[in-house]
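The next block holds one structure in the form of structure tokens; read it before the comments.
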Amino acid sequence: MAVSRQGVQKALEVKEHIPEKAPDIFTLEKYAAPGTQMIRGKIGEFFKTLMADYDTVLCIMATGIVVRSIAPHLGHKSKDPGILVMDPDGKYVISLLSGHLGHANENAVYLAKRMDAQHVITTGTDVKGSMAVDVLAEKLGCTIADFTAAKDVTALILDDEPVAVVNAENCDTTGLVLPPNLVFSEKKGALSGDYSGCVVVSADDPFIWPPGRPVVQIVPKKFVIGIGCRRNTEAARIEEAVRQVLAALALHPLSVKAFATIGLKADERGIHAACKTFDAELKVVPDDFVKMVQSRFEGSDFVFKTTGLYAVSEPCGYVASGFGECLLEKQKCGGITLSVWKMKE
């Protein structure tokens, strides 16, 4: 997004240097040029649209304009897009917002290299060459359960305090390099006086940990919900049914990686809403894949008449989990059928 003639020229130059990203360029009508699109309405309101539609927004303009424009539209660090600021001369690329979870830091470095510019990063752990809890969580494929706790533990890491990492879910740590004061430990060791805080990789809900020092739970997203439902089932009913099956397994709601269903149900608004609520993706399993494995599961003539398949929830969950482990066979919840699967490593 650029709001000056010089800024538009720099935006077009950026586009040439990062063709694999295929960026869209927005500017004011008076600065329109081939390859650009119009900013609709007031700049401040248009930022709201950009922040909802894009993962990263590069603003080629004064930092003050950007700060005032994005402020009313900020939500949470787990959801806000990465915001970058570049001066019209292209000398600096500033990581302004969502440096970690929004990937603004890595994109600032990436863009600066492409444009022969200087990246500007101010997050403490990055400046120090350390690692924040949110970065560790992302590298392990996890989600933070409590951002306040994450902030407290990150402060310990930044202060060079010893912090234990308890990998209770055996997440793959291949290639993961931790700063010296972040140490993998068994639970028993983490409870000793050797550590000032802990990061615990756990899908447990409720999460119970002895009090006494800062602890943050990061939840691995490694479970798939196989789902079938009647047409136009309300989102609230689906979400409540999912909560019930997760509670039965003592699994955290954030541990859901995906919902899996058939093509016939791919447009169900209730399922899409549930995906959003549980921060999960939707995997649509082709009918041919379902037919290949449905004989493994109890079938239904009624389901066959409706879908052309004898089962939906279990074969979809089985396929989408990479032929993983079934933790809960299909549960019928008043027109909703659910099964729970642990993804195969």
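Against the numbered list (1) charged (D, E, K, R); (2) over 23 Å from the mean Cα position of the chain (by Cα); (3) surrounded by fewer than 22 Cβ atoms within 10 Å (Cβ to Cβ), E314 comes up short only at (3). Only one of the listed residues (V201, V183) is in contact (Cβ under 8 Å) with a residue 60 or more places away in the chain and over 21 Å from V127 (Cβ atoms). That residue is V201. Could you go through the range 34-46 and let me know if any residue there is assigned to a helix (DSSP H, G or I), touching an Asp or Glu at 6+ places or on another chain (Cβ under 9 Å) and either surrounded by 20 or more Cβ atoms within 10 Å (Cβ to Cβ) or of a type in the set (A, V, I, L, M) (or both). There is no residue in the range 34-46 that is assigned to a helix (DSSP H, G or I), touching an Asp or Glu at 6+ places or on another chain (Cβ under 9 Å) and either surrounded by 20 or more Cβ atoms within 10 Å (Cβ to Cβ) or of a type in the set (A, V, I, L, M) (or both). Cβ separations smaller than 7 Å between residues 6+ apart or across chains give the following pairs from the range 309-320 residues that are in a helix (DSSP H, G or I) and modelled with pLDDT of 95 or more to residues that are surrounded by fewer than 24 Cβ atoms within 10 Å (Cβ to Cβ) and of a type in the set (F, W, Y): E314/F297; P315/F297; V319/F289. Of the residues making up the range 280-295, just one is surrounded by 16 or more Cβ atoms within 10 Å (Cβ to Cβ) and of a type in the set (S, T, N, Q), namely Q294. For the range 148-173, the set of residues classified as in a helix (DSSP H, G or I) and under 26 Å from K342 (Cβ atoms) consists of A149, A150, listed by residue number.
Comparison of L282, L338, L327 shows that the only residue that is in contact with a His (Cβ under 7 Å, 6 or more places away or on another chain), modelled with pLDDT of 95 or more and not in a helix (DSSP H, G or I) is L282.
For the range 104-147, filtered to residues that are in a helix (DSSP H, G or I) and among the small types (G, A, S), the residue that is farthest from K222 (Cα to Cα) is A112.
Scanning the range 228-279 for residues that are among the polar types (S, T, N, Q) and either assigned to a loop (DSSP other than H, G, I, E, B) or surrounded by fewer than 21 Cβ atoms within 10 Å (Cβ to Cβ) (or both) gives N232, T233, Q244, T277.
The values are calculated or read from the model by the stated rules, or taken from the named source; none is laboratory data. Just so it is clear, the model here is predicted, and its values are computed rather than measured. Cβ: placed from backbone, ideal geometry, glycine included. Neighbour counts: every protein chain shown.
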